[in-house]
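Worksheet: one structure, shown below.
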Amino acid sequence: DAFSTRFPDTPVIASSMDSQRQFDALLNGLLDVAILRLTPAMRAERPLGWHHRALRLEPFWLVGRPGDPPAETASLHERRIHVFGDPTGSATYNVHGRYLAALEQHLGTEFHWLGNPGTFDHCLARMLRAPDATYLLEFESYAFRYRQLGLPIHRPAELQPVYPWSIAWRDEPLTAPIAGFIETAAQQARVREW
């Protein structure tokens, strides 16, 4: 593509593709590195031709409403839980949705599915329009951004859900930029104790 031609030493990494699409693109030579949630099906369907390593177990937090009293924890059963994801049966149901559906079933509760609104700003706008009696179950990286904007965040009281991120690359000789990116990602995971 035009980017690869212009910047041949820069690894191609996807930022807006879901895990399955990244995995497929990686194995079809369209991406150099994927950061995704690996599933048993991915490993079973394509056992060869690629490598991966765990990168981060990202905790989920509950994002509260403006004006909520501060509290370190909140119950997953205290309020309706909103999630940004595409539910079972939708045309865009994906690996992230399967994770959330499994968590929903494990908790014995029903999430309010908001779809995938896109950027953080769209997520924030959606959250600010939500009814008062809700929590948003959100990745830690996004939850901390909500907190910077004045929304309270809480650790779930009953259990700590975590999302398993991995880094994957094809089984081929690595260019220096790709090898450097993989090593930097691994180093950051160690330094940040992910």
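The values are calculated or read from the model by the stated rules, or taken from the named source; none is laboratory data. It should be emphasised that the depicted structure is a prediction, and the values quoted were computed from it without experimental measurement. Don't worry about glycine lacking a Cβ; one is built from the backbone with ideal geometry, like all the others, and counts go over all protein chains shown. We work out accessible area using only protein heavy atoms, side chains counted, and drop any ligands, DNA or RNA first. Shrake-Rupley method; radii C 1.70, N 1.55, O 1.52, S 1.80 Å.
Side notes on the structure shown:
- Condition met for residue 14 (at pLDDT below 60, open to solvent by 60 Å² or more (accessible area, probe 1.4 Å) and aliphatic (A, V, I, L, M)): no
- Taking the range 101-111 as the range and being among the acidic types (Asp, Glu) and either within 19 Å of residue 128 (Cα to Cα) or part of a helix (DSSP H, G or I) (or both) as the test, only 104 passes.
- Filter result for residue 95 (at pLDDT 90 or above and more than 20 Å from residue 146 (Cβ to Cβ)): yes
Quick grid of which residues meet (1) charged (D, E, K, R); (2) open to solvent by 70 Å² or more (accessible area, probe 1.4 Å):
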| residue | (1), (2) |
| --- | --- |
| 117 | no, no |
| 139 | no, no |
| 149 | no, yes |
| 169 | no, no |
| 182 | no, no |
| 192 | yes, yes |
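- Within the range 29-68, the set of residues being free of Cβ contacts under 8 Å to residues at least 40 places away in the same chain and not in a loop (DSSP other than H, G, I, E, B) comprises 40, 41, 42, 43, 44, 45.
- Qualifying residue in the range 28-45 (condition: at pLDDT below 90 and more than 24 Å from residue 119 (Cβ to Cβ)): no
- Cβ-Cβ distances below 6 Å connect the following pairs, each with a first residue in the range 79-105 that is touching a residue at least 24 places away in the same chain (Cβ under 8 Å), a second residue that is surrounded by fewer than 16 Cβ atoms within 10 Å (Cβ to Cβ) and not hydroxyl-bearing (Ser, Thr, Tyr), and a separation of six or more residues or different chains: 79/133; 80/112; 82/112; 86/115.
- In the range 31-61, the residues that are among the aliphatic types (A, V, I, L, M), more than 13 Å from the chain's Cα centre (by Cα), surrounded by 15 or more Cβ atoms within 10 Å (Cβ to Cβ) and within 19 Å of residue 180 (Cα to Cα): 31, 33
- Taken over the range 118-175, residues that are part of a loop (DSSP other than H, G, I, E, B) and either over 20 Å from residue 58 (Cβ atoms) or touching a residue at least 12 places away in the same chain (Cβ under 8 Å) (or both) amount to 18.
- Taking the criterion of being touching a strand residue (DSSP E or B) at 6+ places or on another chain (Cβ under 7 Å) and not in a loop (DSSP other than H, G, I, E, B), the residues of the range 71-100 that qualify are 73, 74, 80, 81, 82, 83, 99, 100.
Conditions tested, residue by residue: (1) modelled with pLDDT under 95; (2) of a type in the set (D, E, K, R); (3) closer than 23 Å to residue 32 by Cα.
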| site | (1), (2), (3) |
| --- | --- |
| 142 | yes, no, no |
| 150 | yes, no, no |
| 153 | no, no, no |
| 156 | no, no, no |
| 162 | no, no, no |
| 165 | no, no, yes |
| 168 | no, no, yes |
| 171 | no, yes, yes |
| 193 | yes, yes, no |
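- Looking across the range 45-84 at every residue that is basic (Lys, Arg) and touching a helix residue (DSSP H, G or I) at 6+ places or on another chain (Cβ under 7 Å), the one that is nearest to residue 194 (Cα to Cα) is identified as 56.
A quick yes/no check of all residues on (1) within 30 Å of residue 29 (Cβ to Cβ); (2) under 15 Å from the mean Cα position of the chain (by Cα):
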residue: 134; (1), (2): no, no
residue: 140; (1), (2): no, yes
residue: 147; (1), (2): no, no
residue: 155; (1), (2): no, no
residue: 164; (1), (2): yes, yes
residue: 176; (1), (2): yes, no
residue: 183; (1), (2): yes, no
residue: 187; (1), (2): yes, no
residue: 193; (1), (2): no, no
